[in-house]
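What follows is a set of notes on a single structure, which appears directly below.
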Amino acid sequence: MTGSAPEHIVVVGAGLGGLRTIERLRADGFAGRITLVGGEDHAPYDRPPLSKQLLSGEWEPDRVVLRDRRGLAELGVTARLGTRAIALRGTGVELDDGGTVTGDAVVIATGLVARRLPHQPDGVATLRTLDDALALRRALGTARSLIVVGAGFIGAEVTCAALGMGVQVTVLETLEVPCERLLGREVGALAARLFTDAGADLRCGTRIGRLLDGRTLELAGGTVLSADLVLAGVGAVPDLSWLDGAGVRVNDRLACDQRGRVVGMAGVWAVGDAAAWWDPAAGAHQGGEHWTLTTDRAARAACDILGTEPPVAGPPYVWSDQFGLKLQVIGRTDTADELVPLHGTGLAGGPVQGTVVGYLAGGALAGVVSFGAPARFVRYRALVAAGAPRAKVLATIG
Ligand SMILES: Cc1cc2nc3c(=O)[nH]c(=O)nc-3n(C[C@H](O)[C@H](O)[C@H](O)COP(=O)(O)OP(=O)(O)OC[C@H]3O[C@@H](n4cnc5c(N)ncnc54)[C@H](O)[C@@H]3O)c2cc1C
């Protein structure tokens, strides 16, 4: 931070990014005041289990809590939970209870809200929050059929949980394969096999014409489908409307420099899903909706606020637990111009489980995708970080 050390830091958003920022501030010796403003009544909780262990009934809500109110108090945090930020004036955060908290530094970690389908009727489920997950779990408990719109990670994980509860699942995906933008067409076809092998009715290249009500929809070709429950798993978007008067134009995510400082807002940092940090290698602001990136950037922003040494950033990493295996993705798969099978025979029509694929860009390793082979996958982390040449990658296969 430029100038004197902060005395009071206000963190807006009591999710993963907000909490990890606070934990790093304290770990690095910050002894001043911290106020945490959280729109939900819940203490900070972890979202990945919502669509996995919590939805399937394996876990109860207490297991997803990252730090309860007592834990926050032990960290010396004044927690204003159940309170939304409605405006930002300089470093003064205006709250929906009429109050204002002003810090020397503000960290915005307000995450995303579930994207809605056009003209989405009430009754169509989404999954972003703990309350959403509990409501969906209850609904699946009595449903016999489910339509999932979107075959991304959330769609896949909900499909798994529903199939496990004996629910018949139809999955509608606009693109030709699940997660096509992340995995590409060829590897996405392996993800598609996971759905169909598990018994889901996966319909790719399918467009929805309109939703007729909370349980019925019409496809672009006129076919009408209905189920006991419809879930929209079509991604998530930031809700930064509360910053409308803050003097910066927010197009989508909050544009930050490579230390997490919000461009055009002095004394304000942003972390987590709502932020897009400048990536000099990519020459662009890069967002990301992943747990590890949120944790890394929270630590780096905290260090920047305090002027302490930030941890080294690794390549982007995301995982999903689906259909009995861990799907792991590291690096920039979207920049690749060539695929290299590293382990397993999934790309040749063999089992998906155990398949690991390298993504090369200009002959250098840009990313790796692994289907249920975590021990093998881990070998490639450092190679992706270093952009290792093909020969070195092939020599690692062993
Ligand atoms: C169901 C689900 C499963 C996931 N699974 C995985 C996974 O397997 N692997 C993976 O890598 N990532 C996964 N993720 C993504 C990961 O959880 C997110 O990247 C991470 O939670 C982002 O943290 P965040 O702090 O930016 O946002 P969040 O954790 O969403 O927290 C933001 C908080 O800010 C609050 N807030 C918003 N606006 C305001 C306001 N104006 N005032 C006050 N508070 C506000 C929100 O209510 C929310 O509590 C999953 C996400 C979801 C939803």
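The values are calculated or read from the model by the stated rules, or taken from the named source; none is laboratory data. Please read these numbers as outputs of a predicted model, since none were measured by experiment. We place every Cβ from the backbone using ideal geometry, glycine too, and count neighbours over all the protein chains shown.
The set of residues in region 101-116 being surrounded by 14 or more Cβ atoms within 10 Å (Cβ to Cβ), of a type outside the set (A, V, I, L, M) and away from the ligand (no atom under 11 Å from the Cβ) consists of Thr102, Gly103, Asp104, Arg115.
Here is the figure for region 1-50: residues that are closer than 15 Å to Val106 by Cβ, part of a loop (DSSP other than H, G, I, E, B) and polar (S, T, N, Q) total 1. Residue under question is Trp269, and the condition is that it be assigned by TED's automatic domain parsing to the domain that holds Ala298, of a type in the set (Phe, Trp, Tyr) and part of a strand (DSSP E or B); does it hold? Judged against the criteria, Trp269 is a match. For region 260-296, which positions are touching a Phe, Trp or Tyr at 6+ places or on another chain (Cβ under 6 Å) and within 10 Å of the ligand (Cβ to nearest atom)? Listed by number, the list holds a single entry, Thr292. Reported count of residues in region 37-75, each being surrounded by 19 or more Cβ atoms within 10 Å (Cβ to Cβ) and either of a type in the set (Phe, Trp, Tyr) or away from the ligand (no atom under 14 Å from the Cβ) (or both), is 1.
When each of Gly314, Gly398 is tested for being on the phi > 0 side of the Ramachandran plot and not in a helix (DSSP H, G or I), the lone residue that passes is Gly398.
With the requirement that a residue be of a type in the set (Gly, Ala, Ser), surrounded by 19 or more Cβ atoms within 10 Å (Cβ to Cβ) and in contact with a Gly (Cβ under 8 Å, 6 or more places away or on another chain), what does region 355-372 give you? If you could, list the steps in order and put the result at the bottom.
Step one: list which residues in region 355-372 are of a type in the set (Gly, Ala, Ser), which gives 358, 361-364, 366-367, 370, 372.
With the extra rule that they be surrounded by 19 or more Cβ atoms within 10 Å (Cβ to Cβ), the set shrinks to 358, 366-367, 370, 372.
Scanning region 355-372 gives Gly358, Ala366, Gly367, Gly372.
If you go through region 136-161 and pick out every residue that is within 13 Å of the ligand (Cβ to nearest atom) and surrounded by fewer than 19 Cβ atoms within 10 Å (Cβ to Cβ), you end up with 1.
For every residue, the table says whether it meets (1) more than 16 Å from the ligand (Cβ to nearest atom); (2) closer than 26 Å to Asp321 by Cα; (3) in contact with a Pro (Cβ under 8 Å, 6 or more places away or on another chain).
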position: Leu202; (1), (2), (3): yes, yes, yes
position: Arg207; (1), (2), (3): yes, no, no
position: Ala220; (1), (2), (3): yes, no, no
position: Leu231; (1), (2), (3): no, yes, no
